[in-house]
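Structure first, commentary second.
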Amino acid sequence: MLIQRHDALLLVVDIQEKLAPAIFESAQVVRNTVRLIEGARQLEVPVFISEQYVQGLGPSVPEIRQAATAESAAGPRVDGRFFEKIHFSCATEPGVVDLLRSSGRKQVILTGTETHVCVLQSALGLLEAGFQVFLVADAASSRTPENRTLAIERLRAAGVAIVSTEMVLFEWLQRAGTDAFRKMLPLIK
């Protein structure tokens, strides 16, 4: 099954200031998530960003906040929607499943930290809620590579599609030679 941009939303889970420095390959997770946010904004794919217990873990890292709220030269301004949570799973946080459903989209593109806790529990809960879930493996991690690997294996076995940042961007585009493709090239190169 391919990702369809008109049926997809991007969900960024808990890439926060106090947790990010402890995450394995954190710079790659942030960089690829920013690429996805920018691509989503260019293509008018809704972006949702969770923040776990902001009082303790701080807000999302500045790069995520900036990408989700920056002016876009590619088209209309489409800001990311931030929400705070205290449940590990976005799907069990009151109102979040309804918020995601209100977008009218059924494919959830998932990034974030920690892969074996909040990302895993969110993915499994969203599957149970009837969404098609795609984990962007190069935009998700944990404090240890072992926990990241185990989470990816478990999610794959549960029916979550494991994808890369470029898979998502190219599937959203569907073809070359368009204005959208040319605008997206800086995110791909």
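The values are calculated or read from the model by the stated rules, or taken from the named source; none is laboratory data. Please read these numbers as outputs of a predicted model, since none were measured by experiment. Quick note on the areas: whole protein, heavy atoms, side chains included, nothing else; ligands and nucleic acids left out. Shrake-Rupley method; radii C 1.70, N 1.55, O 1.52, S 1.80 Å.
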- Message: Over segment 48-189, what is the relative contact order in percent, taking alpha-carbon pairs closer than 8 angstrom and at least six residues apart?
- Response: 18
- Proximal lysines relative to Lys106, as straight alpha-carbon distance under 24 Å, when same-chain residues fewer than 8 apart are discounted: Lys85
- Item | Prolate/oblate/rounded label for segment 117-185 (Cα gyration tensor, a/c 1.5) | prolate
- Reach of Lys18 by Cα under 13 Å, taken over aspartates and glutamates that are not fewer than 8 positions away in the same chain: Glu51, Glu114
- Excluding ligands, DNA and RNA, the carbon-plus-sulfur percentage of the accessible area of the chain with a 1.4 Å probe reads 53
- Message: Can you compute 3J(HN,Hα) from phi for each residue in segment 144-159, using the Karplus curve 6.51 cos²θ - 1.76 cosθ + 1.60 with θ = phi - 60°, rounded to whole Hz and x for Gly and Pro?
- Response: 10, x, 5, 5, 4, 4, 4, 5, 4, 4, 5, 5, 4, 5, 7, x
- Message: Rounded to the nearest 5, what % of DSSP beta bridges with both residues in segment 1-95 are antiparallel?
- Response: 10
- Query: Counting only protein chains, not ligands or nucleic acids, how are Leu187, Leu150 ordered by accessible area (probe 1.4 Å), most first?
  - Reply: Leu150, Leu187
- Query: For segment 78-133, with every protein chain kept in place, what is the accessible area per residue (1.4 Å probe, Å²)?
  - Reply: 41
- Task: Show the residues, 5+ positions off or on another chain, whose built amide H is closer than 5 Å to the amide H of Thr144.
- Result: Phe24
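Looking at the chain only, what percent of DSSP beta bridges run antiparallel? Nearest 5 please. Don't skip to the answer; put the middle values down first.
Details: 1 of 25 bridges.
If we restrict to bridges inside the chain, about 5 percent are antiparallel.
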- Query: Hey, what number do you get for the chain at 222 nm if only DSSP H runs of n ≥ 4 count, each worth -39500 (n - 2.57), divided across all residues, to the nearest 500?
  - Reply: -12000 deg cm²/dmol
